[in-house]
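Comments concern the structure below.
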């Protein structure tokens, strides 16, 4: 079935006098807002549900980058809830009713749906993208999606078996397929929902992150952002002071306070696309990048199941030499199967400066690392490759736009690697 068609109506229940009739993609995407949702028209046969307006946390920007490519490549229509207060009240009523009565049907009937929009025309694919399972109740911002969608697939970035909200995961039972950005919880999610659940690794906009050349100047000596080891950070601070190096690191107040051990650094962003561009430009100018397995500072959350953090895809795509403790999993060894994909360094690395000095002297090795990282990211880890796999499960062949993107990625990889010889 084709994935490009114009004509769509989405009606807000409180605005019964008129439907929202967005413009066709050829005329330029048009945003139409109600008090509760923003609707961005693309004119295609995919309806995307995004959390970008209710959660602007920096760690979620990679997901919004994925959504942007979906919108661009599939001309997807996008619905984004604007406020969460009404849905949060509804979620609490739903949860209480569900636990008291053990009836999903009664809980759905009693929970109000403030400001929900109704889908009025057919789509080939309904695709909500969630950062974590606790966002699943935002499905109630859209009514009629199941009847109007030939295939429904959900993508959830993080889902940890230790924190799975079963009463929310039950909302995924009407879906045809579920995709997770982590492997460890796939079996549990499949059991709870009764639907197939597939591991679909994270990715990156490899064209955005690709440097001009492997030999381009890198003015940042070390970049370390997000979750970190206090031991490694202290060693890098001393390295920067003693050797006059440029160490780029977070200085924001840590979130979570004493209960989190001060390990997590997070903040809201003004614009997710601008933040991803900033991150790409920082990493393209970084010689070394600290990258560790997901939640390396909180092993109790993952219950010993290592997962691949998005940092690895970003660092490889930008040609940075990655230092850190990668996941000890077959998935990681498959995704990053080239030599020195990560220069293995303990999470707590008091001697990390010595490692950097050794690498600094071996320019042949570091050039090879940069070249292999960028080439593999372009050929294997672009978000479009993940989207192609998702569409294949849904029964859709690659679109002309996806084929054109794949050709551009391959051409860029060839140019980059040829210039490095």
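Given axes a ≥ b ≥ c from the Cα gyration tensor, I'd like to know whether region 349-421 is rounded (a/c under 1.5), prolate (a/b larger than b/c) or oblate.
Details: a/c = 6.22, a/b = 2.11, b/c = 2.95.
Oblate.
Sorting check: for 275-282, 39-46, which peptide has the highest mean count of neighbouring beta carbons within 10 Å, and how do the rest follow?
Values: 275-282: 17.6, 39-46: 23.0.
Most protected by this proxy first, the peptides run 39-46, 275-282.
Which of rounded, prolate, oblate describes region 281-421, given a ≥ b ≥ c as roots of the alpha-carbon gyration tensor eigenvalues and a/c under 1.5 marking rounded, otherwise prolate only if a/b is larger than b/c? Show your work: numbers first, answer last.
Details: a/c = 2.73, a/b = 1.28, b/c = 2.14.
Oblate is the answer for region 281-421, as a/c is 1.5 or above yet b/c matches or exceeds a/b.
Relative contact order for region 41-110: what is it in percent, counting Cα pairs under 8 Å that are at least 6 residues apart? If you can, show how the numbers build up before the last one.
Numbers: 69 pairs, mean separation 25.1, N = 70.
This gives 36 percent for region 41-110.
Most exposed first by the Cβ proxy, i.e. fewest other Cβ within 10 Å, how do 332, 126 rank? Intermediate values should be presented prior to the final figure.
On the way: 332 20, 126 25.
Least crowded to most crowded, the residues run 332, 126.
Using helices alone, I'd like the mean residue ellipticity at 222 nm for the chain: each DSSP H run of four-plus residues gives -39500 (n - 2.57), total over residue count, nearest 500. Write out the running numbers ahead of the final one.
On the way: 15 runs with 161 residues, N = 421.
Mean residue ellipticity at 222 nm (helix-derived): -11500 deg cm²/dmol.
Over region 84-203, what is the mean sequence separation of C-alpha contacts under 8 Å (at least six apart), divided by residue count, expressed as relative contact order in percent?
Working: 200 pairs, mean separation 23.7, N = 120.
It rounds to 20 percent for region 84-203.
Using the 10 angstrom Cβ neighbour count as an exposure proxy, how do 252, 51 rank, fewest first? Could you put the intermediate results ahead of the total?
Numbers: 252 9, 51 24.
Neighbour counts put them in this order, fewest first: 252, 51.
Just report the Cα centroid separation between region 181-231 and region 353-421, whole Å.
14 Å
Over the chain, what is the mean sequence separation of C-alpha contacts under 8 Å (at least six apart), divided by residue count, expressed as relative contact order in percent? Write out the running numbers ahead of the final one.
On the way: 815 pairs, mean separation 58.8, N = 421.
About 14 percent, as a whole number.
Ranking request for peptides 174-183, 314-323: highest mean number of other beta-carbon atoms within 10 Å first, then the rest in descending order. Mind showing how you got there, number by number?
Numbers: 174-183: 21.7, 314-323: 28.1.
With the highest mean Cβ count within 10 Å placed first, the list reads 314-323, 174-183.
Bear in mind that the values in this text are calculations on the coordinates, not laboratory data. Here the structure is a predicted model, which means the values were calculated and not measured. Positions of Cβ are backbone-derived with ideal geometry, glycine not excepted, and every protein chain shown enters the neighbour counts.
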